Amino acid sequence: GDSVTQMEGPVTLSEEAFLTINCTYTATGYPSLFWYVQYPGEGLQLLLKATKADDKGSNKGFEATYRKETTSFHLEKGSVQVSDSAVYFCALSDRNSGNTPLVFGKGTRLSVIA
Amino acid sequence: GAVVSQHPSWVICKSGTSVKIECRSLDFQATTMFWYRQFPKQSLMLMATSNEGSKATYEQGVEKDKFLINHASLTLSTLTVTSAHPEDSSFYICSAHSGSATYEQYFGPGTRLTVT
């Protein structure tokens, strides 16, 4: 079945450091790819998404590019802030429809220190 | 944006008792809701999909008689853990989809269940 693998955490960075969280996937079809973020005590929020190969999703300074050839969707940010401290989940769905359940990676906890 | 609430946010119960967790879409109607379970340092694992007015569809390995799901209205789904045991202790998260053409699901903040 479909699966998502993302790098183990926790990741600790100093403020203004460059962030990369790796994510690779296995899917039989052509999935849509997502990054969700969970801040302490809150629900998961959609951070960005890409629905087809070579699409780049971006939001709040975060970017991820849908790479079909490497089945990857790595999350990057050029300069992290303390407020970015959260757990980040990579996810996929088989169809570009919210009616489809998501398959999640294990999540990567990011801590940014001042 | 769309908001999904869960109640309670945490609950402690004794082994053998039942616990009900509510998931509400506050400002939209949710035709489909999903229930996930998250173990420490693990992925969110889909437990079941519930559509308003019909029976839930459970994932393989999830006991439907133990995890009762009801989606009686377009804004409320409930998960009842029956005869809870310590191994049922976990973080339960719901998400809701409005039935629109967009992809996005809206997640609740989760409910932490501890069975003693």
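For a test of understanding, tell me how many lysine pairs in the protein assembly as shown have Cα atoms under 16 Å apart, given they are 8 or more places apart or on different chains.
13
Evaluate Rg over Rh across chain A, taking Cα atoms for both radii and Kirkwood's formula for Rh. Intermediate results must be reported in sequence, preceding the final value.
Values: Rg = 13.4 Å, Rh = 14.0 Å.
Reported Rg/Rh, Kirkwood definition of Rh: 0.96.
Mind listing the phi-derived Karplus ³J(HN,Hα) values for the range B:105-116, rounded to whole Hz, using 6.51, -1.76 and 1.60 with θ = phi - 60°, and x for any glycine or proline?
10, 10, 9, x, x, x, 10, 8, 9, 10, 10, 9
Where in chain B lies the longest segment free of trypsin sites (Lys or Arg not before Pro) that are both loop residues by DSSP (not H, G, I, E, B) and have at most 12 other Cβ atoms within 10 Å?
Working: sites that count: B:Lys14, B:Lys41, B:Lys55.
In short, B:56-116.
Per 0.36 nm of contour for each residue apart, how much would the distance between B:Arg112 and B:Gln60 grow if the chain were fully extended, relative to their Cα-Cα spacing? Before the final figure, lay out the partial values.
Working: separation 52, 0.36 × 52 = 18.72 nm, distance 2.26 nm.
Working it through step by step, the gained length comes to 16.5 nm.
Near B:Ala96, within a Cβ-to-Cβ distance under 15 Å, what is the net charge of the other residues, with Lys and Arg +1 and Asp and Glu -1?
-3
Which residues make up the longest stretch of chain A clear of trypsin sites (Lys or Arg not before Pro) that lie in a DSSP loop with no more than 15 other Cβ atoms within 10 Å, not counting the sites? Working shown, then result.
Numbers: sites that count: A:Lys52, A:Lys60, A:Lys68, A:Arg95.
Within chain A, the longest run free of exposed trypsin sites (Lys or Arg not before Pro) spans A:1-51.
Please compute the net charge surrounding A:Gln81, taking Lys and Arg as +1 and Asp and Glu as -1 over other residues with Cβ under 11 Å from its Cβ. Can you show the working numbers first?
Numbers: positive: A:Lys60, A:Lys77; negative: A:Glu15, A:Glu16, A:Asp84.
Result for the local shell: -1.
Quick one: Debye curve from the C-alpha atoms of the range A:7-56, no solvent, what's log10 I(q)/I(0) at q = 0.17, 0.18, 0.25 Å⁻¹?
One equal scatterer on each Cα of the range A:7-56 leads to -0.75, -0.82, -1.20.
So what is the relative contact order of chain A, in percent, for Cα pairs below 8 Å that sit 6 or more residues apart? Walk me through the intermediate numbers first.
Details: 299 pairs, mean separation 41.8, N = 114.
Answer for chain A is 37 percent.
Given contacts defined as C-alpha pairs under 8 Å and at least six residues apart, what's the relative contact order of chain B, whole-number percent? All intermediate terms of the calculation are to be shown ahead of the outcome.
On the way: 291 pairs, mean separation 42.9, N = 116.
Relative CO of chain B lands at 37 percent.
Filter the chymotrypsin sites (Phe, Trp or Tyr not before Pro) in the range A:1-109 down to the DSSP loop ones having no more than 14 other Cβ atoms within 10 Å, then list what survives. Don't skip to the end; give the middle numbers.
Numbers: sites: A:Phe18, A:Tyr25, A:Phe34, A:Trp35, A:Tyr36, A:Phe62, A:Tyr66, A:Phe73, A:Tyr88, A:Phe89, A:Phe104; in loops: A:Phe18, A:Tyr66, A:Phe73.
Of the chymotrypsin sites (Phe, Trp or Tyr not before Pro), the ones in loops of the range A:1-109 whose Cβ has at most 14 other Cβ atoms within 10 Å are A:Phe18.
Can you list, largest first and rounded to whole Å, the semi-axes you get for the protein assembly as shown by taking the square root of 5 times each eigenvalue of its Cα gyration tensor? Let's see the in-between values first.
Details: eigenvalues 176, 84, 51 Å².
Working through the eigenvalues yields semi-axes of 30, 20, 16 Å.
Using DSSP to call loops (not H, G, I, E or B), can you name the GluC sites (Glu not before Pro) in the range B:32-116 whose Cβ has at most 12 other Cβ atoms within 10 angstrom? If you can, show how the numbers build up before the last one.
Details: sites: B:Glu52, B:Glu59, B:Glu63, B:Glu87, B:Glu104; in loops: B:Glu52, B:Glu59, B:Glu63, B:Glu104.
The qualifying sites are B:Glu63.
For the range B:82-91, just list the computed ³J(HN,Hα) in residue order, Karplus coefficients 6.51, -1.76 and 1.60, θ = phi - 60°, integers in Hz, with x standing in for Gly and Pro.
Listing the rounded values in order: 8, 6, 5, 10, x, 6, 7, 4, 5, 10 Hz.
Under a point spin-label approximation (7 Å from Cα along Cα-to-Cβ), what is the A:Ala17-B:Ser9 distance to one decimal in nm?
Each label point is offset 7 Å from its Cα along the Cβ direction, giving 3.0 nm.
Note down the Stokes-Einstein diffusion coefficient of chain B in µm²/s, whole number, using a Kirkwood radius over alpha carbon pairs, 10 °C, and 1.306 mPa s.
113 µm²/s
No lab work stands behind these numbers, since they all come straight from the coordinates. As the structure is a computational prediction, the values presented were derived from the model and not from experiment. Counting neighbours? That spans all protein chains shown, and the Cβs are built from the backbone with ideal geometry, glycine included.
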